[in-house]
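K.L.:
One structure is given below, represented as structure tokens, and several questions about it will come after.
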Amino acid sequence: MARETITDLLVFMAVARERSFTRAAAHLGVSQPALSRTIRELEARLGVRLLTRTTRSVAPTEAGERLLASVGPHFEGIEAGLSDLTALREKPSGSLRITSVEHASNTLLAPALAKLLPDYPDIKVEIINDYGLSDIVADRFDAGVRLGEQVAKDMIGVRIGPDFKQALVGSPAYLKSRGRPRTPHDLADHDCINLRLPTSGGVYVWPFTRQGQSVRVRPEGQLTFNTITLMLDMAIAGLGLAFLPEDVVQAGINDGRLVRVLADWSPTLPGYHLYYPSRRQQTPAFALLVEALRYRS
């Protein structure tokens, strides 16, 4: 196989996996026009169209899917073999990509990395906050962070944090004007600040529990966000009730900017887990990350 064909196949796999010429170009460190030209030349050489392009998306054709399935594992094997050589270095190195959620990134990943990375300058970590429950294999992540109940059965899960409580909060001004809910059913009469879940196309359904009784509420309100930071800010501003991790709202409760309601209905959620494919070969860098994050009660 000619060297240029190998290079072109690497380019094709990057575009097919990223589903974007822009993201693939950034990942490979080349210009987008050069990337497009390479794909066109590869398609011309093979005599088939490999990618379907629209103004908003890029996707492999049937021929592209077949090519990706046949050559992809071979290149992944080469990458894994090269990664194994890092074990022979004095200090581990390599790049790690993790998909997480904002709360876990702030409270668990960031503190662990702050301790780990200064001693290992050749390890690079990219964290993508996403509530969409990404497919870590298809999206080329080394690992993901999710609540324990959300980890797929075919993945290896490592607990990295304790169970925690959710808290429903509002500002004193909001509660003075709208009243305090006494049961979860009262939330139908309140403005609730929503968290968007891209995978389901909907919003986070609020779970409540008390003395063995469970109630799930689909919140309604003027505001929907994909970040808990904005939810917190808007609750403090008096624009509605927010349902957030207890540690996120505690400072606001302590200084009087927020008031907790339905505290006796607050659920306990399973702690965050780092998860990754069972067939994944652990590089020294990845093994270090797992140990740095592993929860020890």
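The values are calculated or read from the model by the stated rules, or taken from the named source; none is laboratory data. If you're wondering where the values come from, they're calculated on a predicted model, not measured in any experiment. A quick note on method: Cβ atoms are made from the backbone with ideal geometry, for glycine too, and the neighbour counts reach across all protein chains shown. Each accessible area value is taken on the protein alone, full model and side chains, heavy atoms only, with ligands, DNA and RNA left out. Shrake-Rupley method; radii C 1.70, N 1.55, O 1.52, S 1.80 Å.
K.L.:
Restricting to bridges with both residues inside the chain, how much of the DSSP beta-bridge set is antiparallel, in percent to the nearest 5?
P.N.:
70
K.L.:
Given the Cα-Cα distance of Asp264 and Ala112 and 0.36 nm per residue of separation, how much length would full extension add, in nm?
P.N.:
Gain on stretching Asp264 to Ala112: 51.5 nm.
K.L.:
Same structure again: To the nearest whole percent, what portion of all C-alpha pairs in the range 212-273 is separated by more than 17 angstrom?
P.N.:
Within the range 212-273, distances greater than 17 Å cover 47 percent of Cα pairs.
K.L.:
Another question, if that's okay. Give me the base-10 log of I(q)/I(0) for the range 169-242 at each q in 0.11, 0.12, 0.22, 0.23 Å⁻¹, Debye formula, one uniform scatterer per Cα, rounded to two decimals.
P.N.:
-0.27, -0.32, -1.01, -1.08
K.L.:
What does the accessible area of Thr227 come to, in Å² to the nearest 10, when a probe of 1.4 Å is used?
P.N.:
Near enough 30 Å² of accessible area.
K.L.:
Using only alpha carbon positions, build the gyration tensor of the range 250-297, then give the equivalent ellipsoid semi-axes as the square roots of 5 times its eigenvalues, largest first, whole angstrom.
P.N.:
The three semi-axes for the range 250-297 are 38, 14, 9 Å.
K.L.:
Translational D (Stokes-Einstein, µm²/s) of the range 149-205 at 4 °C and 1.567 mPa s when Rh comes from the Kirkwood sum over C-alpha pairs?
P.N.:
87
K.L.:
Give me the net charge of Thr61's neighbourhood, meaning all other residues with Cβ under 12 Å from the Cβ of Thr61; Lys, Arg count +1, Asp, Glu -1.
P.N.:
Net charge in that neighbourhood comes out at 0.
K.L.:
Assuming R0 = 51 Å, what is the FRET efficiency of Ser31 and Arg210, from their Cβ-Cβ distance, to the nearest 0.05?
P.N.:
My answer for the efficiency is 0.30.
K.L.:
Additional query: Can you give me the accessible area per residue for the chain, using a 1.4 Å probe, in Å²?
P.N.:
54
K.L.:
Could you tell me the distance between the Cα centroids of the range 221-285 and the range 125-188, to the nearest Å?
P.N.:
Cα centres, the range 221-285 to the range 125-188: 6 Å.
K.L.:
Quick check on the chain: helices-only [θ] at 222 nm, where DSSP H runs of length 4 and up contribute -39,500 (n - 2.57) each and the sum goes over total residues. Nearest 500, please.
P.N.:
Helix contribution divided over all residues of the chain: -11000 deg cm²/dmol.
K.L.:
Okay, next question. Roughly how many percent of the accessible protein surface of the chain is carbon and sulfur, given a 1.4 Å probe and a whole-percent answer?
P.N.:
The C+S portion of the solvent-accessible surface of the chain is 52 percent.
K.L.:
Counting C-alpha atoms alone, how compact is the chain: give Rg to one decimal and Dmax as a whole number, in angstrom.
P.N.:
Cα-based Rg and Dmax for the chain come out at 23.2, 73 Å.
K.L.:
Using only Cα positions of the range 123-275, each an equal point scatterer, no hydration layer, compute I(q)/I(0) via Debye at q = 0.15, 0.18 Å⁻¹ and quote the log10 values to two decimals.
P.N.:
For the range 123-275 at q = 0.15, 0.18 Å⁻¹, log10 I(q)/I(0) is -0.84, -1.13.
K.L.:
Related question: If each residue of separation counts as 0.36 nm, what is the full-extension length gain between Thr54 and Asn254 once their alpha-carbon separation is subtracted?
P.N.:
66.9 nm
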